[in-house]
Amino acid sequence: ELLLREQRFIACRRGVAAVIFPEGTRARDGELGKFRPRGTLALLDAAPEWERLRTRMVEVVDNIPVLRDKVSPVPLHPTLLRWQPDDEFDLTYHLRRISLPAGASMQDLLDWARSVAAGGFDPTRPLWEFTLLEGMPDGRAALVMKVHHALTAGIGGVQLAAHVVDLQREPSDL
């Protein structure tokens with residue numbers, strides 16, 4: 001926590017939005033901790049209407065501007081990175097929709113989510129991907145939310161999911 005505050009202070013003093021080490025984060029003892037994608041899986045009792053989900057994601061991205069930011073090097077400081085708006089932001093890259101094969105089980109869903117979470121991110125784009133998986137037994141669906149740890153920690157992923165999916169069938173406003 002103290003290291004983060006120190007890095008935030010340095011970033012503000014240098015006019016940089018955030019300091020992110022390309023290889024991960026360093027603890028006070030110098031030990032390197034690799035960045036890992038964080039994933040959240042929301043099980044849904046039914047697949048949401050695709051256009052409604054897409055519209056909700058447009059609202060979420062508009063209300064959480066960091067979701068439009070990508071990591072870029074700081075000019076003349078190649079070891080520092082900063083958040084910068086992605087002028088070519090494309091929601092269709094970040095919000096995906098697939099259907100599981102007929103007869104897919106919960107284990108198949110979990111295996112798919114694990115393999116996606118283990119993969120990296122395209123460093124030229126904002127560091128998150130959401131995928132709606134349809135075709136689960138009993139008409140259920142899942143939303144797999146893969147978010148880089150630089151954007152949110154574990155509970156933040158749950159809070160982000162709460163902005164995207166509703167606990168009741170009729171959607172609420174953000």
Selection count where residues are assigned to a loop (DSSP other than H, G, I, E, B), under 25 Å from A102 (Cα atoms) and open to solvent by less than 60 Å² (accessible area, probe 1.4 Å), scope segment 126-141: 2
May I ask you to verify whether D108 is under 26 Å from L67 (Cα atoms) and either open to solvent by 70 Å² or more (accessible area, probe 1.4 Å) or acidic (D, E) (or both)? no
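Confirm whether A102 is part of a loop (DSSP other than H, G, I, E, B), on the phi < 0 side of the Ramachandran plot and out of contact with any helix residue (DSSP H, G or I) (no Cβ under 7 Å at 6 or more places or on another chain).
Yes: the conditions hold for A102.
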Only one residue in A18, A47 is modelled with pLDDT under 85 and either of a type outside the set (V, I, T) or under 20 Å from K146 (Cα atoms) (or both), so which one is that? A18
Mind checking which residues of segment 41-65 are in contact with a helix residue (DSSP H, G or I) (Cβ under 9 Å, 6 or more places away or on another chain), surrounded by fewer than 17 Cβ atoms within 10 Å (Cβ to Cβ) and farther than 27 Å from M106 by Cβ? V58, E59, D62, N63, I64
Looking only at segment 142-164, and only at residues there that are modelled with pLDDT of 65 or more, assigned to a loop (DSSP other than H, G, I, E, B) and of a type in the set (A, V, I, L, M, F, W, C), the one that is farthest from N63 (Cα to Cα): A150
Among (1) closer than 20 Å to V66 by Cβ; (2) surrounded by 13 or more Cβ atoms within 10 Å (Cβ to Cβ); (3) modelled with pLDDT under 90, where does P123 come up short? (2)
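Being without any contact (Cβ under 8 Å) to a residue 12 or more places away in the chain and open to solvent by 40 Å² or more (accessible area, probe 1.4 Å): is that true of P73 here?
Working: without any contact (Cβ under 8 Å) to a residue 12 or more places away in the chain: yes; open to solvent by 40 Å² or more (accessible area, probe 1.4 Å): yes.
It is true that P73 is without any contact (Cβ under 8 Å) to a residue 12 or more places away in the chain and open to solvent by 40 Å² or more (accessible area, probe 1.4 Å).
Across segment 83-99, what is the number of residues that are open to solvent by 70 Å² or more (accessible area, probe 1.4 Å) and either part of a loop (DSSP other than H, G, I, E, B) or in contact (Cβ under 8 Å) with a residue 12 or more places away in the chain (or both)? Talk me through it step by step, then tell me what you get.
The first filter runs over segment 83-99 and keeps only residues open to solvent by 70 Å² or more (accessible area, probe 1.4 Å), leaving 85, 87-88, 92, 96-97, 99.
After this cut, where a residue has to be either part of a loop (DSSP other than H, G, I, E, B) or in contact (Cβ under 8 Å) with a residue 12 or more places away in the chain (or both) as well, the list is 85, 87-88, 96-97, 99.
Selection size over segment 83-99: 6.
The values are calculated or read from the model by the stated rules, or taken from the named source; none is laboratory data. For clarity, every value in this text was computed on a predicted model and none was experimentally measured. Every residue, glycine as well, gets a Cβ built from its backbone with ideal geometry; the counts of neighbours run over all protein chains shown. SASA here: full protein model, heavy atoms, side chains in, ligands and nucleic acids out. Shrake-Rupley method; radii C 1.70, N 1.55, O 1.52, S 1.80 Å.
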